[in-house]
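Engineer: After the structure tokens below, expect a handful of questions from me.
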Amino acid sequence: MSANTVRETSANNSRAWQQVLLQYAGMALALIVLVTVFSIKSKTFFSAATFTTIANSIPDLTIVAVGMTFVLIVGGIDLSVGSVLALASSIFAILLIDWHWPLWGAGIIAVLCGGICGGINGFVSAQYRIPAFIVTLGMLEIARGGAYLVTNSETKYVGSSIEWATEPITNLAVSPAFLFSVLVVLAGQWMLHQTVLGRMTVAIGTNAETVRMSGIRTLPTLLSIYTLCGALCGIAALIQTSRLSTADPNSGAGLELAAIAACVIGGTSLRGGSGSVINTFFGVLIVSVLQSGLAQMGASDPMKRIVTGLVIIFAVLIDSLRSKQS
Amino acid sequence: MLTTHELTKDYATRAVDSVSLEFQPGEIHALLGANGAGKSTLCKMIAGLVRPTSGSMTLAGRSYSPRGKEEAERSGVQIVQQELNLVPSLSVAENLFLSILPHRWGVLRTRRLLENARQLLRDFGLHSIDPCDHVSELGVGERQMVEIAANLSRECRILILDEPTAALSLSETELLMQHLYDAKRKGVSILYISHRLDEVEQIADRISILRDGKLVGTWPQNTLSQSEMVSFMTYGKDRPEGSSTGVPTPQQPTEVERRDSHSPKKDGPLLIVHRVSRRPRVQSVSFEVAAGEILGIAGLVGSGRTELLRLIFGADRADQGEMEIRSTEPSANSTPRHGLAPLPRTPAHAVERGIVMISEDRKSDGLWLPQSIASNIAWSKFRGSFVELLRPFWSRHANSTAETFRRSLAIRCDNTQHICQALSGGNQQKVVLAKWLNRDGKVFLFDEPTRGIDAAAREIVYQVMRDLCQRGKGLVVVSSDLEELLKISHRIGVISNGRWMKDFQGPDFCREEIVAEMFEGYQNQGKAIVRKNEVLQ
């Protein structure tokens, strides 16, 4: 019996692996097609410079999108990510410049601030059963107001003290921030599949009532997921501040929609229960390759937005057709 | 009127296998079969909900291949499914005429709508339902009746009813039968699925029996006895030698066996429930369960049985009530405490205290349907605490646990990575059982543990119950199937209209008395117009 079982399970495993690879293959293929098309259409596109620019411009969006993926899988939504990022960035700048805090201290406070905002989102929506859409919409306003309040509505120049984080490493062409964001993606994917938190996220997203009726508490998971999303916004805030050398209380407007777009392009369902962090990363890559490719082809900004919109709808359409088939 | 030619549908396995049938106008054609025989799939194909893999249909001489429910309805084929298709937030009237709402320039003509609805409900004999009520305020039986009324009111040549009486009270069933006769007289062809053989015997003109997706045969009603029906459903036409009567009696334990294996330990109660209320459905209910005892709870649908279990499990909040689980250790019993603990506030609290509940509706709150069997079983070990969330999830461990249960409960699947959605009702129920056996507890609450599952799975559920008993657990079983309760319970408590009426000590129960008690709570209120002897036959 045991030999048979082993063979069975290993067969299952390999089939499971094939399925997993197939999932990523679709997204990777789309990305390759996109890069090929742009390389043919524009002579300047296929160059190290283009890819370096793309790689160094996406870490903040990537990190926010990872948090958003978890929130969407658990069946929620977080509209406040952009504002929370602005708030964390503002607090970071104030502490660093006006209060002369050390870099690490200001950094930790900024991440904590993001985590607390997320935690409040999670607690209020889980404990009082208020839709996350409403709670995070409120937090969107609160955090934005907070950002204006602490900076007096002024853009703060931070200076060169943290520029190293987004400056390309010599001989490697990519920045530490990009490497860190890739690490966050891999850790996120691992967490989703190999930790209890990840599995509970899927369980709640699939059927919250079954979780409740199985005698499992949902509040700790929900609180953790929203806190995680907020804290990732805090980290993204540091990266963005580093990249722009300034803390702008207006920054991050529309970031929530960009992050959600990346998730849904990557196949995450807005109804919860399914999604993949790596595919979200592909979603971020596809959007940024699209934007930079269109720019190099000389497309105007309005045109870029129209095409991006079409791609989002097209991606979800393909996804729904595929799931209907199976 | 409607003919099917070699209709076939393949899912993972062949669900319906070249079924050729014909339905005549003005006939009630009953479709029988054990679970998984393909009745529902066949109906769905006729109603346009599922497209056949091969085969064809003709309706009134013309070729008929509906691409959707709407197209089928335009051809006059209506289906009433087990799952209800009403919009809970709309009124009864709006639901009744949802596809043909009367309007002028898009503005709803409310008065006309209400008049039509009132007329329809009156014609249908549903005097107690106000067309202005929201559907969410109705009971399950009333909703079912509204849905059937809505379907019958439309232009309809073929009416498919998939277990319409499962949620109905006896008076509602009676009403339904009258309307089916009326429809039949008007020439409507009715396709009727039911597990209640006596009902089928009573109303059907012809009976077709399916087994494993194949048609066993079609018989005029009066040529088939109930025992023959059961035999055909179980064995097809090749009745095995030896079972001369052809009735595969579910292995009923003999009287001696039952007493041996079913003797509860009599050292005080394990679970004490004291004056639990959630008005108006549950009114001040108290009872006790001993370790190793199966307490059956009998009652009519809507009598508050499910609500009572949900209160004990903390799924709903009670108005009042107390509860205690006594330790089975004798030392703890030696110091009797005054006053009981409050009821659990959430299912998580209940499980922590050792109460688990196998709920009535496995699809909505028992399983994670799109997930694998292994995941479904593994998740039950979790409590969702912060500390736990940081731990790694061992999928290999989950798989081996699931494998153990797959064997011991005979869950039919290729492997434990199989998605629960695709399992049959019986196998899904086994997964739910495995989930709770994996979690373990002291008191097991079963709500309709065998609803919609086949005989083999049923036996396994009973076996699990007997095992739990022997391990000293306390079991509370709610079931609509009185035969089932009589067979498995040590003691039967009757709940009627939200009140605990009486306990009956087994093993020799008096059916008449139990049934009488089930109706007792409704006396003087005129709610149950049903005559008792109809239940008793």
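Engineer: Might you let me know whether region A:32-52 holds any residue that is farther than 15 Å from A:Val287 by Cβ, among the small types (Gly, Ala, Ser) and modelled with pLDDT of 95 or more?
Structural biologist: no
Engineer: When region A:61-73 is examined, which residues are found to be over 16 Å from A:Gly115 (Cβ atoms) and open to solvent by less than 10 Å² (accessible area, probe 1.4 Å)?
Structural biologist: Hits for region A:61-73 are A:Thr62, A:Ala65, A:Thr69, A:Leu72, A:Ile73.
Engineer: Go through (1) facing another protein chain (nearest Cβ under 9 Å); (2) open to solvent by 20 Å² or more (accessible area, probe 1.4 Å); (3) in a helix (DSSP H, G or I) and name the single condition B:Asp414 misses.
Structural biologist: For B:Asp414, the exception is condition (3).
Engineer: Is it true that some residue in region A:262-275 is open to solvent by less than 20 Å² (accessible area, probe 1.4 Å), assigned to a loop (DSSP other than H, G, I, E, B) and within 14 Å of another protein chain (Cβ to nearest Cβ)?
Structural biologist: Yes.
Engineer: A follow-up question, please. Tell me which of these A:Ala236 doesn't satisfy, since it passes every other one: (1) in a helix (DSSP H, G or I); (2) out of contact with any Leu (no Cβ under 6 Å at 6 or more places or on another chain).
Structural biologist: Just one mismatch for A:Ala236, condition (2).
Engineer: Out of A:Thr201, A:Thr206, A:Thr218, I need the residue that is at the interface with chain B (Cβ under 10 Å from one of its Cβ atoms), open to solvent by less than 10 Å² (accessible area, probe 1.4 Å), in contact (Cβ under 8 Å) with a residue 24 or more places away in the chain and closer than 28 Å to B:Ser359 by Cβ. Which one?
Structural biologist: That would be A:Thr201, the only listed residue that is at the interface with chain B (Cβ under 10 Å from one of its Cβ atoms), open to solvent by less than 10 Å² (accessible area, probe 1.4 Å), in contact (Cβ under 8 Å) with a residue 24 or more places away in the chain and closer than 28 Å to B:Ser359 by Cβ.
Engineer: Name the residue that is surrounded by the most Cβ atoms within 10 Å (Cβ to Cβ), counting only residues in region B:417-432 that are in a helix (DSSP H, G or I) and within 13 Å of chain A (Cβ to nearest Cβ).
Structural biologist: B:Val431
Engineer: Which is touching a Gly at 6+ places or on another chain (Cβ under 8 Å), over 25 Å from A:Leu140 (Cα atoms) and modelled with pLDDT under 95, of A:Val174, A:Val211?
Structural biologist: Every option except A:Val211 fails the conditions.
Engineer: Hand me the list of helices (runs of 4 or more DSSP H) wholly inside region B:341-407 holding 2 or more residues that are touching an Asp or Glu at 6+ places or on another chain (Cβ under 7 Å) and at the interface with another protein chain (Cβ under 8 Å from one of its Cβ atoms).
Structural biologist: B:362-365
Engineer: Within region B:479-495, does at least one residue satisfy the condition of being at negative phi, open to solvent by 30 Å² or more (accessible area, probe 1.4 Å) and in contact with a Phe, Trp or Tyr (Cβ under 9 Å, 6 or more places away or on another chain)?
Structural biologist: No, every residue in region B:479-495 fails to be at negative phi, open to solvent by 30 Å² or more (accessible area, probe 1.4 Å) and in contact with a Phe, Trp or Tyr (Cβ under 9 Å, 6 or more places away or on another chain).
Engineer: If I ask for residues that are of a type outside the set (Ser, Thr, Tyr), more than 20 Å from the chain's Cα centre (by Cα) and within 18 Å of A:Met68 (Cβ to Cβ), which ones from region A:112-137 would you list?
Structural biologist: Matches in region A:112-137: A:Ala126, A:Pro131, A:Ile134.
Engineer: Test each condition in (1) within 14 Å of chain B (Cβ to nearest Cβ); (2) open to solvent by 30 Å² or more (accessible area, probe 1.4 Å); (3) of a type outside the set (A, V, I, L, M, F, W, C); (4) in contact (Cβ under 8 Å) with a residue 60 or more places away in the chain for A:Thr246 and report the one that comes out false.
Structural biologist: (1)
Engineer: Ok, one more. Can you say whether A:Ser175 is within 8 Å of another protein chain (Cβ to nearest Cβ) and either surrounded by 22 or more Cβ atoms within 10 Å (Cβ to Cβ) or over 19 Å from A:Asp60 (Cα atoms) (or both), as far as the supplied structure shows?
Structural biologist: Criteria not met by A:Ser175.
Engineer: Among A:Thr36, A:Thr52, which is the only one that is open to solvent by 10 Å² or more (accessible area, probe 1.4 Å), polar (S, T, N, Q) and under 22 Å from the mean Cα position of the chain (by Cα)?
Structural biologist: A:Thr52
The values are calculated or read from the model by the stated rules, or taken from the named source; none is laboratory data. Small disclaimer: the values here were computed from a predicted structure and weren't measured. FYI the Cβ positions are ideal-geometry reconstructions off the backbone, even for glycines, and counts take in every protein chain you see. Ligands, DNA and RNA are stripped out before the accessible areas are found, and what is left, the full protein with its side chains, is counted by its heavy atoms. Shrake-Rupley method; radii C 1.70, N 1.55, O 1.52, S 1.80 Å.
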